[in-house]
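Only the coordinates and a few stated rules stand behind these numbers; no lab work does. In this text the structure is predicted, and so the values were computed from the model without any measurement. Every residue, glycine among them, receives a Cβ derived from its backbone with ideal geometry; neighbour counts consider all protein chains shown.
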Amino acid sequence: MSDGGKGDKQRPTDKQKFNDGWEKTFGKPAPIDVENAKNEDEEFNRIEQMQVRVKENAAEFGSCGCGRSPTGKCIGWHGLSEDDFQAKLEQYHAEQQVKHSDQGG
């Protein structure tokens, strides 16, 4: 056979039609749906790992997990942009200076 034999080239197919008919035919999700679900799960896991979480230790409850709080306790600064964080930090330090100068004199 000079044409390479039966089935040496894939016939033109409609992938959407194939995926839609897969579950109907075989009773399980189409391979593309499985791949998409896997990718989605991986992305959710990646995002979850990025989130700052304090371990469930009573001594650490309320602790700052992002490292931005000057007090060591979470004060909600983890959601601020870098510029907003810097402005809040300057304001905090200014208020602390005023507070300490009032107490000292």
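Scalar couplings 3J(HN,Hα) for segment 60-66, obtained by applying the Karplus form with A = 6.51, B = -1.76, C = 1.60 to θ = phi - 60°, are 9, 4, x, 5, 6, x, 9 Hz; x denotes Gly and Pro. Can you compute the label reach from VAL34? Point 7 Å from Cα along the Cβ direction, backbone N cut-off under 17 Å, restricted to segment 12-28. Counting only backbone N, you get 18-28. Taking 0.36 nm per residue of sequence separation and subtracting the Cα-Cα distance, how much length would be gained by fully extending the chain between ASN19 and ILE47, in nm to one decimal? In short, 7.2 nm is gained.
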